[in-house]
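Working notes for the structure below.
The values are calculated or read from the model by the stated rules, or taken from the named source; none is laboratory data. Source: prediction; values computed, not measured. Note that each Cβ is placed from the backbone with ideal geometry, even for glycine, and that neighbours are counted across all protein chains shown.
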Amino acid sequence: MLTAVAANYDGAAMSSPHHPLFARMYDIVMMPSDRMGIRRQRRHLCRRAAGIVLELGVGTGLNLPHYERADTVVAVDHDQGMLRRADKRARESIVDVHLIAADAHGLPFADNSFDTIVVGLSLCTIPDPDQSLVEALRVATPDGELHFLEHVRATHSTRVAHFEDRIAPFWGKVAGGCRPNQDTARIIDDAGWEISELWQSDRGGLIQGTAVPKAPN
């Protein structure tokens, strides 16, 4: 598989606070949750992505083995350490994958370039998720889709929600900026996407679904 890591972005402005340590530890940190069901959710997230696909925040490439229908996947991340670790998975993918070092707040792509946008467990770490989804909307085709799998502030349990609020400052420091209490559905809606499908975990801390560009007023 052709794998291209762009050299036009040095990652200095938005590098993970634990780079390169966080990049080295990421797969180990995610292993328990992947075994407890997140891997299955990743598969569901990616297998429907078709055409020319953009993945925001590819990290170490844990989603890459699950693409089946995509013609090409352009996978971006601001952290060069993450991209280096994603390279092996990109090369082993059954679809064409290009790794690009880029800032999700200002994507280096033309308008209407992608049929599908995928964001999986990364929107909660992007400093300005609203802006990244506005950018995703810009580069998506008018009939494109956004497939997402993300953390969200729990709605099924006030106790869990309050716990998320309390640990958020500490958790962000040790987990690459992750915000476990983010109102992700609202952020998607505010950015100009209309959620057409939505699933929420039993404990309420994870959502998955599909959104499409809102019709112009």
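Within the range 103-123, restricting attention to residues that are part of a strand (DSSP E or B) and out of contact with any helix residue (DSSP H, G or I) (no Cβ under 6 Å at 6 or more places or on another chain), the residue that is surrounded by the most Cβ atoms within 10 Å (Cβ to Cβ) is V118. State all residues of the range 63-89 that are touching a residue at least 40 places away in the same chain (Cβ under 8 Å) and either more than 14 Å from the chain's Cα centre (by Cα) or part of a loop (DSSP other than H, G, I, E, B) (or both); if no residue qualifies, say none. N63, A70, H78, D79, Q80, G81, R84, R85, D87 - these are the residues of the range 63-89 that are touching a residue at least 40 places away in the same chain (Cβ under 8 Å) and either more than 14 Å from the chain's Cα centre (by Cα) or part of a loop (DSSP other than H, G, I, E, B) (or both).
In the range 163-214, the qualifying residues are those that are part of a strand (DSSP E or B) and loosely packed, with under 14 Cβ neighbours inside 10 Å, and the one that is modelled with the lowest pLDDT is W199.
Matching residues to (1) part of a loop (DSSP other than H, G, I, E, B); (2) surrounded by fewer than 21 Cβ atoms within 10 Å (Cβ to Cβ); (3) at pLDDT below 95; (4) of a type outside the set (K, R):
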| position | (1), (2), (3), (4) |
| --- | --- |
| M25 | no, yes, yes, yes |
| R35 | no, yes, yes, no |
| R40 | no, yes, yes, no |
| E55 | no, no, no, yes |
| T60 | yes, no, yes, yes |
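Each residue in the range 90-127 was checked for being farther than 25 Å from H44 by Cβ, among the acidic types (D, E) and more than 13 Å from the chain's Cα centre (by Cα), and 1 pass.
When you look at S16, is it modelled with pLDDT of 90 or more, touching a helix residue (DSSP H, G or I) at 6+ places or on another chain (Cβ under 9 Å) and among the small types (G, A, S), yes or no?
On the way: modelled with pLDDT of 90 or more: no; touching a helix residue (DSSP H, G or I) at 6+ places or on another chain (Cβ under 9 Å): yes; among the small types (G, A, S): yes.
When the stated conditions are applied, S16 does not pass them.
The residue that is surrounded by the fewest Cβ atoms within 10 Å (Cβ to Cβ), among those in the range 76-96 that are among the hydrophobic types (A, V, I, L, M, F, W, C) and touching a Gly at 6+ places or on another chain (Cβ under 7 Å), is A90.
Close Cβ contacts (under 7 Å, 6 or more residues apart or on different chains) running from residues in the range 92-117 that are closer than 18 Å to L137 by Cα to residues that are among the polar types (S, T, N, Q) and surrounded by fewer than 20 Cβ atoms within 10 Å (Cβ to Cβ) comprise H105/Q131; N112/T141; F114/T141; D115/T141.
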